[in-house]
Amino acid sequence: MRFSIYGRYDLDVERDGGRWLVYRRGLGTRREDPTVFVPAGVDKNDIAAYLEDLLHEEGGPGRVIRRIDRAGIRGCYVRPDRWTTQTLARAESSVSASAASLLLRAYRSRVHAA
């Protein structure tokens, strides 16, 4: 499961045997995050709430931890020559803030180039 942590960074949380492994995602990287520990007894439906309790000091007004669908960009992918503002609005609601900003930059460069 992938989570956007207050729009600042993304974490992948995966079950491996009887324990949870947490990975921090970066641009093209994925590494284990030793600062975040999820106990084995936490149910997969409660991980977002657990992360909220653990990382609440990183949040701010209006910021939330939200689960990101693994389909992410693929789930809302449209060829760049057919992007519209509606496509970007759908993308922003289904991907992390960093991926949405990359989509928006690509869209703006396509519009300004035309």
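Worth a mention:
- Among residues of region 6-23, those that are in contact with a helix residue (DSSP H, G or I) (Cβ under 6 Å, 6 or more places away or on another chain) and on the phi < 0 side of the Ramachandran plot, counted: 1
- Of residues in region 10-19 being touching a residue at least 24 places away in the same chain (Cβ under 8 Å) and surrounded by 16 or more Cβ atoms within 10 Å (Cβ to Cβ), the one farthest from A48 (Cα to Cα): D10
- Per this entry, S4 is counted among residues that are hydroxyl-bearing (S, T, Y), in a strand (DSSP E or B) and modelled with pLDDT of 60 or more.
- Positions within region 48-62 being of a type outside the set (G, A, S) and in contact with a Lys or Arg (Cβ under 8 Å, 6 or more places away or on another chain), in sequence order: E58
- Picking from residues in region 20-37 that are farther than 14 Å from F3 by Cα and at pLDDT below 90, the one that is surrounded by the most Cβ atoms within 10 Å (Cβ to Cβ) is T29.
- Residue within region 63-74 that is over 12 Å from I5 (Cα atoms), of a type outside the set (D, E, K, R), part of a helix (DSSP H, G or I) and modelled with pLDDT under 90 present: yes
The values are calculated or read from the model by the stated rules, or taken from the named source; none is laboratory data. Since the structure is predicted, the reported quantities are computational estimates derived from the model, not experimental observations. Backbone-built Cβ (ideal geometry, glycine too); neighbour counts: all protein chains shown.
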